[in-house]
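K.L.:
Encoded as structure tokens, here's the structure I'll be asking about.
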Amino acid sequence: MMPRRSLVSVVDDDESVRESLPDLLRQFGFAAEAFSSAEEFLASDVVGETRCLLLDIAMPGMSGPDLQQELTRRRQAIPIVFITAYGDASVLPRLLARGPHSAWSSRSARQPCWMR
């Protein structure tokens, strides 16, 4: 029996991210699911199975930080990597203080903006 692959969930309102990141993750041996909103992710049956969350900061409706707070409220301890196309230097340090493992901006795709 093959070991079960770790599930990485991608939550991003950008369709190109939802299409490309899961493909890349699968190439590295992960299981991957993509969701267009925080609400869609929370309504799914994979929240409890998710081992890492790649989470956009700015989305319509519930934002990435809002989802982070909701997961904390539900006692779902999922490691989070925030991703954003809009690297705002004032927002990312506050997010990192609340627990994600790193934050990435597409402006500097080779390096994390901040990493714990």
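The values are calculated or read from the model by the stated rules, or taken from the named source; none is laboratory data. Because the structure is predicted, anything quoted here is derived from the model rather than measured. We place every Cβ from the backbone using ideal geometry, glycine too, and count neighbours over all the protein chains shown.
K.L.:
Residues Pro65, Pro100, Pro60: which one is at pLDDT below 85 and either in contact with a Phe, Trp or Tyr (Cβ under 6 Å, 6 or more places away or on another chain) or more than 24 Å from Arg4 (Cβ to Cβ) (or both)? I'd like the intermediate steps shown before the answer.
P.N.:
Numbers: Pro65 fails: at pLDDT below 85; Pro60 fails: at pLDDT below 85.
Of the residues listed, the single one that is at pLDDT below 85 and either in contact with a Phe, Trp or Tyr (Cβ under 6 Å, 6 or more places away or on another chain) or more than 24 Å from Arg4 (Cβ to Cβ) (or both) is Pro100.
K.L.:
Within the range 18-39, work out how many residues are within 16 Å of Gln68 (Cβ to Cβ), assigned to a helix (DSSP H, G or I) and touching a residue at least 24 places away in the same chain (Cβ under 8 Å). If you could, list the steps in order and put the result at the bottom.
P.N.:
Keep residues of the range 18-39 that are within 16 Å of Gln68 (Cβ to Cβ), which gives 35, 37-39.
Filter once more, keeping what is assigned to a helix (DSSP H, G or I): 38-39.
Of the ones still in play, those that are also touching a residue at least 24 places away in the same chain (Cβ under 8 Å) are 38.
Looking only at that region, the number is 1.
K.L.:
Residue by residue through the range 7-17, note down the ones that are among the hydrophobic types (A, V, I, L, M, F, W, C) and not in a helix (DSSP H, G or I). Step through it out loud before you land on a result.
P.N.:
Initially, the range 7-17 is screened for residues among the hydrophobic types (A, V, I, L, M, F, W, C), giving 7-8, 10-11, 17.
Across the range 7-17, the qualifying residues are Leu7, Val8, Val10, Val11.
K.L.:
Quick test for you: out of Ser44, Ser20, Ser9, pick the one residue that is of a type in the set (S, T, N, Q), crowded, with 18+ Cβ neighbours inside 10 Å and modelled with pLDDT of 95 or more.
P.N.:
Numbers: Ser44 fails: crowded, with 18+ Cβ neighbours inside 10 Å; Ser20 fails: crowded, with 18+ Cβ neighbours inside 10 Å.
Exactly one of Ser44, Ser20, Ser9 is of a type in the set (S, T, N, Q), crowded, with 18+ Cβ neighbours inside 10 Å and modelled with pLDDT of 95 or more, namely Ser9.
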